[in-house]
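Undergrad: First the structure, then my questions, so here it is.
The values are calculated or read from the model by the stated rules, or taken from the named source; none is laboratory data. Source: prediction; values computed, not measured. Positions of Cβ are generated from backbone atoms using ideal geometry, with glycine treated the same way; all protein chains shown enter the neighbour counts.
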Amino acid sequence: APGSNTGTTPNTGTGSTASANPSFDQKTFDTENAQRTATFTGDPATPWLQYLPGAMVDASKTKLDHPGKVCFSNAALSNTWRQTGWITMQQQLKVLQSQGVISKLEARNAQDSDDTQVADIDYFINENNCDAYIIAPNSPKATAGAVERACATGKPVIIFDRGAGTDCETSFVHSVGGYAWGIDSASFIAANVKKGGHVVALRTAPGVDVFEQRWAAAQHIFEKAGLKVTDYLTGADPAKIKSTLSDEIAKGTVDAVWVDLGDQAVPAVEAFEDAGKPIPVVTGEDVLSYLRAWKAKGFKGFAPVYSAYQWRTALIAVGDLFQGKEIPKDWVLPQVPVPADKLDAAINANKGMPDGHYASFGGEDLPGYPTAWQKP
Amino acid sequence: MPALSIRSLSKSFFGYPVLSDIDIDLEVGEVHGLVGENGAGKSTLMKILAGVYAPDSGSIHLGETDLRFTHPTQAHAAGISTVFQEFNLLPDRSVAQNIYLGREPRVRGFVSSALMNRNAQALFDSLGVTTISASARVGDLSVAQQQIVEIAKALSYDARVISMDEPTAALADHEVALLYGIIRTLTSRGVTILYVSHRLREIFDLCDRISVLKDGVLVTTRAAAELDEQELVRLMVGRPLSTFFATADADAVVGDVVLSLQSAGNAWVDDISLELRSGEIVGMAGLQGAGRTEVLEGIAGSAPFTRGTVEVAGKTVRIRSPRRAIQLGIAHITEDRKATGLALGQSVLDNALSVVRATTPRRVGAARRRALTMLQDLELSARGPDQEVRYLSGGNQQKVVLAKWLLTEPRVLLLDEPTRGIDVGAKQALYVLMRTLAAAGHAILMVSSELPELIGMADRILVLRDGRLVAELPAASDEETILAAASGIDTGVAA
Amino acid sequence: MNGRTAAVRRTLGSTTATVYAIFVVVAIAGAILAATAGSAFFTEGNLESLLTATTVLGLVAIGQTLVVLLGSLDLSVPFVVSLSSVLAAGVMLGSADNLVAGILTAVVASTLIGLVNGLLVGLVKINGFIATLGIGLIVSGYLFTNYQGSTGQASPQLVAFGGLTLGFVPVTTILMFACLAIVMVLLTRTRTGMHVFAVGGDPEVARMSGVRNAVPVIVAHALSGLFAGLAGLVVVARLGVGSPQVGSQGGYDLLSIAAVVLGGAVLAGGRGSLWGSLGGILIFATIDSILGILQVNPYLKDVVRGVIIIVAVAVYARRSVPRRPARFGGGAR
Amino acid sequence: MTTTTRFTTERRPLLARVGRGLRTPGGAIFVLLAILLVGLFLYNPSLGDPGQFMRFLGRTAPILIVALGQYFVIVSGEIDLSMAAIIAAQVVLAGNLIGQDASRILPVVLLMALLALVVGLLNGVLTTLFRVPSFIATLGTALVVSGITFYATGGAPSGNPVDSFREIGRGGIDKVPVFGFVPYSTIVLAVLVVLALVLMRRPFGRMLLAVGDNARMTALAGASVWWLRTRAFILSAFASTIAAIVLVGYAGVSPVVGQGYQFIAITAVILGGVVLGGGRGWVLSAIAAAFALEVLFSLLDFIGVQSTWRPAVQGVIILVALGVPLLRFTRRRSQTLRSNRPNK
Ligand SMILES: Nc1ncnc2c1ncn2[C@@H]1O[C@H](COP(=O)(O)OP(=O)(O)OP(=O)(O)O)[C@@H](O)[C@H]1O
Ligand SMILES: Nc1ncnc2c1ncn2[C@@H]1O[C@H](COP(=O)(O)OP(=O)(O)OP(=O)(O)O)[C@@H](O)[C@H]1O
Ligand SMILES: [Mg+2]
Ligand SMILES: [Mg+2]
């Protein structure tokens, strides 16, 4: 029924309705909560190669005696996280090409459309000349059918970022997940705002799984901490974020701002500055625009991370399969947030990078570093 | 028992009465003329009969039944159809589709285009029209042909009462004759015709009885035989019109040549050579489609000449746009004021100032002051300078068009059918105005399809045929001579 | 007879012919470009993709053509597509038994929304642009409030239907053509259909001729809703789930209008054809396909699309200049 | 007995004109705005403080400016769907080219003006000289402009221009008597509104209305129709650019900044009684309508309407605001003669 979920009405102040949020899943919440602090296999210096111990994929059947062609169906390039990842992936490709593992990467960009992505995958299948598929699904359930068709070709299928709503894939590469992200950031707020405090949550868009999970987890934490939450859908439009917050500031106190996408934090911070109010707790993400604003303005911040290096891991996974190296069936990558004490290090390591760059891009060892990431 | 009786019918727009307490009886099989000045309310009355407007009070009886229309369909169903003053055709659809719009014939539930075309063709055959194909696109037809389609459409309803609002305004003489024939056939079948026209000759040719409207009030209904033109005009205008055409002052001087064309031509006209002097009124005659409008458009730059030379006040000029023509002092009053003369949604004042604003924006202030007096001098009938032109009657709209051009203080006035759809009173006022303008040194080139008007007003008459000038006739030529030259049947007079 | 030859001449010289001429040129150019890129354009696989891409937009454009012919617009279609998809998938819930119920729910709801559009435009006389924009916003509010991401599950028959092909021709494409044929009959052989042209050409003339203008307006808008709903069903068949975003993701509002105009219809109403619209969609789909094969950056795709629309419509505008027949030859001065 | 009024040069009394005006759609919007403002003050008394209210007005400035630009185009009988694309392009241009170097502000602003001129000119020339309907022409240029913008930035531009440049959208004059705080954006807005009012009373403005009403007639009156309409498009592109400058100041660079503005602007302009198809409507009504919409959106926030329902409420308000007067007007409309037919 209308009005049964996500929103909260600030004038009644009836707190959150996390338990009623259909996106909330206690089991996944608990799993990801545990994985946040788990120990990962592999060298922490190359986190993109780390994974949680678990079932491995037998790669003997996927071994090729020639460089393989990889077909990549990408959901979109419409935010800076995806751009950062895409650059990292292309640089990784150069390495694998020079090693003679991969011949060619044919990429199609679905521009945020499920239907287009299904068409893209079907095109790859119909053309029948891919040695492996990489799919970054736009929305898990909607692409499930097409992913299953890709699996049916018998070629390896690597899913990364958002899940595929099926488990036919060869391997699913992802960092811990949206719940973990939400838990990291919301716990920071819960620890820094007294009970009964007012949190404004800025949400990008409804219905995108990653965002829904971040929000569901955060909502859960806020509810438990007894915080009053007002959430807004902003479409990531900075003007809307700013005016929304201006209204909130005009109406009463705001003790913290939680965002589900790092880009949104900067205009939120500016709203307090413009109103001449002290900046409260504002969480963000490891995107440099936020990290730099955080450092420059010295408010209480926290940057959860959704590791951008998973883009190269997906390609590495394919390369491993072509070379007959086994890979984890569920390749969970670490997802280490940037707290205040690591802020300076994160900023210094990324000097000269554009504002949209993500600190966890994980490409310092790749050819073309740093210039490849610096061009717009 | 009358075919249709109108009883104490009243209608007002925004509180302004347009028809008050009208009583008219239409007898079976008669042609009933309806005359009156512009804005008298003739078209409004017809639209009420057609179900387009609802009356404020009063009633309409068809035989025994009391009619109340809320939609034009009901008028059609009751046996009343209408030829409207404005065209009511869809240019992108075929002739047959237009005629049967709203009641397309169906065979087993589906519209049959074949049947529709056959019916339409049969209708034209019965009217003796041979030049129109039922499947032709209406937009491809000439204006006159479209008017005939419009008439055919009204006839196709098998109505008992047909109202016609200035059906001949766009017709040539032989087509008018065709219409006369159609009307006679209809009346012999007992159909009643309500006929509106500003051409008094037609009224007397056709009508059995005549009703006169003035300012929305019925002045009288009389048998045509009891009236003559003088009397009718007096009833319409409320005063006698002594001499209809203003005569030129005896001592009026014809001055220098202000406009001269030598072998001018374009895709539509060719080899046009003429001279226009200040203070003179030159008429231009020709059959429908002879190219008179195009000559004016060539001079005024809206369809520029591509050949020959044009001189204005002795200087050779190239007029490639209306703007250039206006700068040279040429004013072009077009033949279709609604489509090309006015912005109907704008006010009287905005329309009057439009040319000045477009060409000499710096003079707008002065022009605004003169505009008000000029509109008063033209005896405009409107609520004020802020009234939308849309709500003025045809004649008053024409006055606004004239005002907007006169405000540019032109040297040369090109008038294309300046009296089309204008009542006698306004016509005469315009004639007087033309004389005054000529006397003040303006040069006037006037196109008209009404020969008496040309003969009465012009100092000399140029005749155009098939895009070429074929004759120049003196002022006092008779209609036959002009027609002969225009049709090429007997070119007794040298070009 | 005379009329018939004139009609034939008109068809040959018509905008629709130009549309298909452009299509052929684009397809040939595409084949050549694809070949230079080391790929083939006319492969069964690619043709199947191309036809699939035509289907959803094609269904939407059928309705949009009706509405544009009428002189109105339908900006609510993307949201109706989404609504239809979530309703159908939500009712079916993956069960074979709920197939009919799901289809009916989706179709009825979509048609009702179209009907409301029609009532607002036809009776309340709100401008079509605004009325359908407003209804679209309302539907989107409903969608975003009640659905978070993909939802429901298509019934297995529907999914099977979505994957069915005859040779390389998807059955859904054939369904789209069937709809096209039905609407064609509606437009040329029924009074309401003919009145769509009349009201689009000049509503006042239509009214004066005894047409009840509201009827074609309401019917056309309702059908536009219906076809958007069918498009939503095809989406469910392809994706297997309903999605509250799928319509806006597809940009079906502006894309369908652009396709209809690319097909030679005049936005002011009264002029256009279904075949033309289909041609418009084929052109779009072909260009998309070629640019995809050439791995052109998706943003440059938009640039190409924009240029094609403008150029094509400019060409039509040039051709349809009404000219008085010239009597004398040219000859500059 | 005589019922026809002869022509008088007098105008009706001011009060009568105002009264009549308020009953037209263009006038009713002021009433609606007043009601909404009362609601806004009730739900958020802090806005009663002049400084707060000026801040509020200031942040609505970009959309109001966009509506202003759209007004010129709509009143001339066309429509401009390229505004959001121009805003995005200009915002990206400012972010990428000015960067952190204040000395580049002037040249980049000039470049932005040039871009506005080119796009406006293109829109105008395509619709007038090439007779591509403006809906399509501006949709096309929008695709081209935004396609190039996003191609050049890879899809997701980022990176704000230097703070001094952003001052125009963020800053203001403090301690102004009466107002307290006056954001620069309100000053920009005020200047533009006054300019627009003046422009619409000048021959250019009157002729723009005439073009929207009857383009053929305007051409024959010696006006250059293509140039009139093209200037409207150029004004619209400049409005988008100014809005972009204010926006990039207010909000910073983002691919979605300005998205959907043209639809809000078109809605506002029509809500303000300006007729799609041209020839009618007052510029101040259009601005008032745009402001009313912004007030409405804020009011919804204050009332606490669930955020996902907001588009729906917006849709309902638009339909009610337009539908109710129309229901009242259609009865009168049907009495009047044929409504102004499009000039084909
Ligand atoms: N084939 C045609 N197609 C479209 N319009 C035409 C065509 N022929 C003539 N016209 C227009 O119809 C009108 C009458 O034709 P034309 O100008 O050739 O004759 P005219 O001598 O000016 O006659 P009149 O002024 O009595 O109508 C003009 O406005 C002309 O532009
Ligand atoms: N829809 C309308 N709204 C307001 N006023 C109108 C409307 N239609 C006509 N009028 C006014 O009603 C009066 C009568 O107009 P009508 O068109 O009936 O005159 P007419 O006798 O047909 O004149 P003409 O000979 O010029 O055609 C005019 O003053 C006109 O301005
Ligand atoms: Mg009349
Ligand atoms: Mg003529």
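Undergrad: Which one of these does A:Ser243 not meet: (1) away from every other protein chain (no Cβ under 14 Å); (2) surrounded by 24 or more Cβ atoms within 10 Å (Cβ to Cβ); (3) among the hydroxyl-bearing types (Ser, Thr, Tyr)?
TA: (1)
Per-residue answers, yes or no, for (1) under 22 Å from C:Thr165 (Cα atoms); (2) modelled with pLDDT under 90:
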{"site": "C:Glu204", "(1), (2)": "no, yes"}
{"site": "C:Arg207", "(1), (2)": "no, yes"}
{"site": "C:Pro216", "(1), (2)": "no, no"}
{"site": "C:Phe227", "(1), (2)": "yes, no"}
{"site": "C:Gln245", "(1), (2)": "no, yes"}
{"site": "C:Asp253", "(1), (2)": "no, no"}
{"site": "C:Leu267", "(1), (2)": "no, yes"}
{"site": "C:Gly270", "(1), (2)": "no, yes"}
{"site": "C:Leu294", "(1), (2)": "no, yes"}
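Undergrad: Go over the candidates B:Asp350, B:Asp386, B:Asp336, B:Asp377 one by one and state the one that is within 16 Å of ligand 3 (Cβ to nearest atom) and free of Cβ contacts under 8 Å to residues at least 40 places away in the same chain. Before you say what the answer is, go through the steps one by one.
TA: On the way: B:Asp350 fails: within 16 Å of ligand 3 (Cβ to nearest atom); B:Asp386 fails: within 16 Å of ligand 3 (Cβ to nearest atom); B:Asp377 fails: within 16 Å of ligand 3 (Cβ to nearest atom).
Exactly one residue qualifies, and that residue is B:Asp336.
Undergrad: Tell me which helices (runs of 4 or more DSSP H) are completely within region A:261-323 and hold 2 or more residues being within 16 Å of A:Pro339 (Cβ to Cβ) and hydrophobic (A, V, I, L, M, F, W, C), or say none if there are none.
TA: Answer list for region A:261-323: A:288-297.
Undergrad: Anything in region B:442-456 that is more than 16 Å from ligand 1 (Cβ to nearest atom) and modelled with pLDDT of 90 or more? List them, or say none.
TA: B:His442, B:Ala443, B:Ile444 - these are the residues of region B:442-456 that are more than 16 Å from ligand 1 (Cβ to nearest atom) and modelled with pLDDT of 90 or more.
Undergrad: What strands (runs of 3 or more DSSP E) lie completely within region B:16-77 and have 3 or more residues being more than 19 Å from B:Gly394 (Cβ to Cβ)?
TA: Ranges flagged: B:16-26, B:57-62, B:65-67.
Undergrad: With the structure loaded, tell me whether B:Glu229 is touching a helix residue (DSSP H, G or I) at 6+ places or on another chain (Cβ under 6 Å) and more than 16 Å from ligand 4 (Cβ to nearest atom) or whether it fails that test.
TA: Taking the combined requirement at face value, the residue satisfies it.
Undergrad: Looking only at region A:97-115, count every residue that is buried (at least 23 other Cβ atoms within 10 Å of the Cβ) and not in a loop (DSSP other than H, G, I, E, B) and tell me the total.
TA: Residues meeting the conditions: 4.
Undergrad: Now for a different question. Sort through D:Ala268, D:Ala290, D:Ala251, D:Ala286 and tell me the only one that's at pLDDT 80 or above and within 12 Å of chain C (Cβ to nearest Cβ).
TA: Criteria check complete, one pass: D:Ala268.
Undergrad: So, of the residues in region B:159-170 that are away from chain C (no Cβ under 14 Å) and within 16 Å of ligand 3 (Cβ to nearest atom), which turns out to be surrounded by the most Cβ atoms within 10 Å (Cβ to Cβ)?
TA: Our first condition is that a residue be away from chain C (no Cβ under 14 Å); within region B:159-170, this holds for B:160-162, B:164, B:166-170.
Checking which are within 16 Å of ligand 3 (Cβ to nearest atom) leaves us with B:164, B:166-170.
Details: B:Met164: 25, B:Glu166: 23, B:Pro167: 27, B:Thr168: 20, B:Ala169: 17, B:Ala170: 23.
Applying the filter and picking the extreme gives B:Pro167.
Undergrad: Suppose we filter D:Ile148, D:Ile105 for residues that are modelled with pLDDT under 95, within 14 Å of chain C (Cβ to nearest Cβ), surrounded by fewer than 23 Cβ atoms within 10 Å (Cβ to Cβ) and out of contact with any Leu (no Cβ under 7 Å at 6 or more places or on another chain); which single one remains?
TA: Of D:Ile148, D:Ile105, the one residue that is modelled with pLDDT under 95, within 14 Å of chain C (Cβ to nearest Cβ), surrounded by fewer than 23 Cβ atoms within 10 Å (Cβ to Cβ) and out of contact with any Leu (no Cβ under 7 Å at 6 or more places or on another chain) is D:Ile148.
Undergrad: Additional query: Among what's in region B:171-192 and is surrounded by fewer than 23 Cβ atoms within 10 Å (Cβ to Cβ) and not in a helix (DSSP H, G or I), pick the residue that is nearest to ligand 1 (Cβ to nearest atom).
TA: Checked region B:171-192; the qualifying residue nearest to ligand 1 (Cβ to nearest atom) is B:Ala172.
Undergrad: On the given criteria, is B:Leu380 within 16 Å of ligand 4 (Cβ to nearest atom) and either under 30 Å from B:Ile461 (Cα atoms) or not assigned by TED's automatic domain parsing to the domain that holds B:Leu296 (or both)?
TA: no
Undergrad: Does region D:154-168 contain at least one residue that is among the β-branched types (Val, Ile, Thr) and away from chain C (no Cβ under 14 Å)?
TA: Residues of region D:154-168 that are among the β-branched types (Val, Ile, Thr), as a first pass: D:162, D:168.
Now drop any that are not away from chain C (no Cβ under 14 Å), which leaves D:162, D:168.
Yes - at least one qualifying residue is present in region D:154-168.
Undergrad: Say whether the condition of being surrounded by fewer than 24 Cβ atoms within 10 Å (Cβ to Cβ), under 30 Å from A:Tyr133 (Cβ atoms) and either among the β-branched types (Val, Ile, Thr) or modelled with pLDDT under 95 (or both) is met by at least one residue in region A:188-204.
TA: Yes, the conditions are met somewhere in region A:188-204.
Undergrad: Another question, then. Give region C:296-326 a look and list any residue that's assigned to a helix (DSSP H, G or I), at pLDDT below 85 and among the charged types (D, E, K, R), or say none.
TA: C:Arg318, C:Arg319
Undergrad: Taking the conditions exactly as written (free of Cβ contacts under 8 Å to residues at least 60 places away in the same chain, more than 8 Å from chain D (Cβ to nearest Cβ) and β-branched (Val, Ile, Thr)), does C:Val311 satisfy them or not?
TA: Yes, satisfied.
To keep it simple, each residue is scored yes or no on (1) away from ligand 4 (no atom under 16 Å from the Cβ); (2) more than 14 Å from chain D (Cβ to nearest Cβ); (3) in contact with an Asp or Glu (Cβ under 6 Å, 6 or more places away or on another chain); (4) acidic (Asp, Glu).
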| position | (1), (2), (3), (4) |
| --- | --- |
| B:Ser5 | yes, yes, yes, no |
| B:Phe14 | yes, no, no, no |
| B:Ser20 | yes, no, no, no |
| B:Val28 | yes, yes, no, no |
| B:Ile48 | yes, no, no, no |
| B:Asp56 | yes, no, no, yes |
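Undergrad: Could you check region B:396-495 for helices (runs of 4 or more DSSP H) lying wholly inside it with 1 or more residues that are more than 16 Å from ligand 2 (Cβ to nearest atom) and among the hydroxyl-bearing types (Ser, Thr, Tyr)?
TA: The qualifying helices (runs of 4 or more DSSP H) are B:424-439, B:479-487.
Undergrad: Another question about this same structure. Among the numbered criteria (1) more than 16 Å from ligand 2 (Cβ to nearest atom); (2) surrounded by 24 or more Cβ atoms within 10 Å (Cβ to Cβ), which single criterion is violated by B:Val348?
TA: (1) is the only condition that B:Val348 fails.
Undergrad: If we keep just the residues of region B:81-109 that are under 20 Å from the mean Cα position of the chain (by Cα) and not in a loop (DSSP other than H, G, I, E, B), which is nearest to ligand 4 (Cβ to nearest atom)?
TA: Among those residues, the one meeting the criterion is B:Val83.
Undergrad: Name the single residue, out of those in region B:146-170 being in a loop (DSSP other than H, G, I, E, B) and more than 16 Å from ligand 2 (Cβ to nearest atom), that is nearest to B:Asn119 (Cα to Cα).
TA: Filtering region B:146-170 for residues that are in a loop (DSSP other than H, G, I, E, B) and more than 16 Å from ligand 2 (Cβ to nearest atom), the one nearest to B:Asn119 (Cα to Cα) comes out as B:Ser156.
Undergrad: Quick one: how many residues across region A:173-212 are in contact with a strand residue (DSSP E or B) (Cβ under 7 Å, 6 or more places away or on another chain) and free of Cβ contacts under 8 Å to residues at least 40 places away in the same chain?
TA: Number satisfying all stated conditions: 2.
To keep it simple, each residue is scored yes or no on (1) in contact (Cβ under 8 Å) with a residue 60 or more places away in the chain; (2) more than 8 Å from every other protein chain (Cβ to nearest Cβ); (3) under 28 Å from the mean Cα position of the chain (by Cα); (4) more than 10 Å from ligand 1 (Cβ to nearest atom).
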site	(1), (2), (3), (4)
B:Thr309	no, no, no, yes
B:Val312	yes, yes, no, yes
B:Thr316	no, yes, no, yes
B:Ser321	no, no, yes, yes
B:Ala325	no, no, yes, yes
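Undergrad: May I ask you to verify whether D:Ala244 is part of a helix (DSSP H, G or I) and within 14 Å of chain B (Cβ to nearest Cβ)?
TA: Here the answer is no, as D:Ala244 does not meet what is asked.
Undergrad: Kindly evaluate B:Gln74 against the criterion of being within 12 Å of ligand 3 (Cβ to nearest atom) and surrounded by fewer than 22 Cβ atoms within 10 Å (Cβ to Cβ).
TA: For B:Gln74, the condition - within 12 Å of ligand 3 (Cβ to nearest atom) and surrounded by fewer than 22 Cβ atoms within 10 Å (Cβ to Cβ) - is not met.
Undergrad: Let me ask you something else. What is the one condition in (1) on the phi > 0 side of the Ramachandran plot; (2) within 8 Å of another protein chain (Cβ to nearest Cβ) that B:Gly79 does not satisfy?
TA: All conditions are met except number (2).
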